[in-house]
Structures are given as C-alpha cells and as structure tokens.
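Student: Take this structure, written in structure tokens, and hold onto it; I'll ask about it next.
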Amino acid sequence: MTGVKKVAIVTGAGTGIGKAAALALLKDGYNVALAGRRREPLEAVAAASGAGARALVLPTDVAQPEAVRALFDATVQAWGRVDVLFNNAGMGAPGVPLEELTVEQWRSVVDVNLSGMFFCIQNAFRVMKAQSPRGGRIINNGSISAHAPRPNSIAYTATKHGVMGLTKAASLDGRPYDIAVGQIDIGNAATDLAARMAKGVPQANGEIAVEPLMDVDIVGQSVLYMAKLPLEVNVLFHTVMATKMPFVGRG
C-alpha cells in the first residue's frame, strides 16, 4: 500500500476471524482499531502484530449504540478518518430446539448480530460521508448461515439472513457517497468457535458428521482482498469455505 496509511476498524477483533482479519490488515500497513468486548484479547492481538502504534485497542460492546459511536470517534481522533469497517462481531445461542430458546437468549443474539451491525454501519456512514477524500468500504460478516441454516440455530440464522438485508440496503444507500458495502460469507474456518466441526456436528438428515475446516488466515486474506479494492469496485457477496463442507447439496 502506497501513500497515506489507510485506516480500518475491525469488530470482534480479539479472536477467530476478527483476529485473522486484523492481523492481515496490520501486516499490509493499515492502521487498525481493534474493537471487542474484552480488552485482554485485543491487547494480545496488538502485541502479536508487532505494529506498535498502528494498532489501537478500543474495548467496545457493539450492542450499545453509544459505545459504537465512541469507537468511531476515537478512531477518527487518532487517525483522521475511517477507510474500512470489517463488521465482524457476532455471537450464537445454545443449540437447543427453538421452542426452548429463552427470550433473553434470542434478544442477546439479535442485539449483537443485527442491531450491533446496524449501529456500526450507521456510524461508518456518518464518518465516511463527511471525510475527505469521501467514502470508504464496509465488509459485513454474513456467514454461510446467511444462506442456509444448521439444525437448532434459529436466532443465529435469522440474524445472519438479516445481515444480507443490511448489506443490500446499505450498498444501495452508500452509492451517492462512494461507500462500497459488501459481505463475506465464511464456511468452517478453523477457530475455537468452529472446533466442534472436527468432532462431528448435527446434519439436516439427523446424522452427526465431521466437517472439513480451512485455515482462518485464508479468511484474513479474503477480507484484505476486499478491503484493498478501489471504491468504484464492489464485491457484494464473497463466499469463502472449506471446499468439501456440506453446503451446496441436499442433506
């Protein structure tokens, strides 16, 4: 990357996919604001990157709109702008029959996966419309669950289908302001969250089956690829998945 260093915000940056994306961006020379609910994992990512002052640790609960605004304001105060948002923070609910899901469990997933993602998009628009040069890129983490559910995953699946709507609507609304909005849908990256796939998970036909995993660093490179595109180009939906995972088939 040449010229002025670009600025990115990564939510859920302390672990898994967010960590991989943050490290890829930092390695490429970006200034990166690392957001997540827990300070310690964020500080560990910043230290592991070796990026020094180019990594800014900003503990943030994306379910709280005031916290999201503070995240963007602190990033702009540090570096003057926001070029890229990787809208990644998310959570699941226990894999129980839907009639057993509690109201609190449902609302927790909706608050983070849908409302939190909207608050981040809203603040990205606020900043990207006003800065000079104008515009920027938003990459939403949709997941394979934005397209097809797993058994007993109604809260996660419903919110990730909702993310697809956020992506499409924000992509349209961002056009006048040079804001490109796309979505990355990830299938079975090898993270702590997905470790159970290697032990066997329920399938649509009732069987328990082991599913292939892919290196999470490949996801980081996919996010970096999307981030570095010129703003006149947009990848609206990008699916990166373990080649042999059971997604494109009947089951």
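Student: Return the long-range amide H neighbours of GLY90 (sequence gap of 5 or more, or a different chain), with a cut-off of under 5 Å between placed amide H atoms.
Tutor: Here nothing satisfies the definition.
Student: Set the Förster distance to 25 Å, then compute FRET efficiency between SER132 and ALA169 from the Cβ-Cβ distance, nearest 0.05.
Tutor: Approximately 0.45, to the nearest 0.05.
Student: Rounded to two decimals, what is Rg over Rh for segment 174-251 when you use alpha-carbon atoms and the Kirkwood radius?
Tutor: 1.10
Student: Tell me, what is the percent relative contact order of the chain, built from C-alpha pairs under 8 Å that lie six or more residues apart?
Tutor: Computed value for the chain: 18 percent relative contact order.
Student: Counting only residues 5 or more places away or on other chains, whose amide H sits under 5 Å from the amide H of VAL32 once H atoms are built in the peptide plane?
Tutor: Those qualifying (amide H under 5 Å, at least 5 residues apart or on another chain) are ALA8, ALA55, LEU56.
Student: Cut-off is 10 Å between beta-carbons; in what order do LYS168, LYS160, LYS244 appear when sorted fewest neighbours first?
Tutor: Fewest-to-most ranking of LYS168, LYS160, LYS244: LYS244, LYS168, LYS160.
Student: Tabulate in residue order the Karplus-calculated ³J(HN,Hα) for segment 121-138, using 6.51 cos²θ - 1.76 cosθ + 1.60 with θ = phi - 60°, rounded to whole Hz; enter x for Gly and Pro.
Tutor: Values per residue, Gly and Pro as x: 4, 4, 6, 4, 4, 4, 6, 5, 5, 8, 7, 9, x, 6, x, x, 10, 10 Hz.
Student: Going by how many other Cβ atoms sit within 10 Å of their own, how do LEU229, LEU56 line up, fewest first?
Tutor: By the 10 Å Cβ count, ascending: LEU229, LEU56.
Student: Another question about this same structure. What's the longest bit of the chain with no exposed GluC sites (Glu not before Pro), using DSSP loop states and at most 12 other Cβ atoms within 10 Å as the test?
Tutor: 1-206
Student: Measure nothing fancy, just the Cα-based angle from helix 216-227's long axis to the longest principal axis of the chain, in degrees from 0 to 90, nearest 10.
Tutor: 40 degrees
Student: With the chain treated as a Gaussian network of Cα nodes joined by springs under 10 Å, which of GLY174, GLY29, GLY200 yields the largest mean-square fluctuation?
Tutor: Checking each option, the largest mean-square fluctuation is seen for GLY200.
Student: Given that compact globular proteins tend to follow 2.2 N^0.38 Å, what is the ratio of the alpha-carbon Rg of segment 128-207 to that value?
Tutor: In units of the globular-protein estimate, segment 128-207 measures up at 1.42.
Student: While we're on this one: What is the angle, in °, between the Cα long axis of helix 65-79 and the longest principal axis of the Cα atoms in the chain? Nearest 10 is fine, range 0 to 90.
Tutor: Rounded to the nearest ten degrees, it is 40.
Student: Run through segment 35-101 and list the trypsin sites (Lys or Arg not before Pro) located in a DSSP loop whose Cβ has at most 16 other Cβ atoms within 10 Å.
Tutor: Counting only loop positions with at most 16 other Cβ atoms within 10 Å, the trypsin sites (Lys or Arg not before Pro) in segment 35-101 are ARG38.
Student: Charges only on Cβ, +1 for Lys and Arg, -1 for Asp and Glu: so what's the dipole of segment 7-241 about the Cα centre, in debye to the nearest 20?
Tutor: It works out to roughly 520 debye.
Student: Okay, moving on. Kindly give Rg over Rh for the chain, based on alpha-carbon atoms, with the Kirkwood expression for the hydrodynamic radius.
Tutor: 0.96
Student: Counting only pairs 8 or more places apart or on different chains, how many lysine pairs in segment 7-241 have C-alpha atoms closer than 30 Å?
Tutor: The result is 17.
Student: Test of understanding: in a Gaussian network model of the chain with alpha carbons linked when under 10 Å, which of ALA63, ALA13, ALA47 would top the mean-square fluctuation ranking?
Tutor: Top of the fluctuation ranking is ALA47.
Student: Same structure, new question: For segment 119-149, run through the trypsin sites (Lys or Arg not before Pro) and keep only the ones in DSSP coil with at most 14 other Cβ atoms within 10 Å of their Cβ.
Tutor: Sites meeting the loop and neighbour criteria: ARG134.
Read the figures in this text as sums done on the coordinates, not as results from a lab. Owing to the predicted nature of the structure, the values given are computational and were not obtained by experimental measurement. Note that each Cβ is placed from the backbone with ideal geometry, even for glycine, and that neighbours are counted across all protein chains shown.
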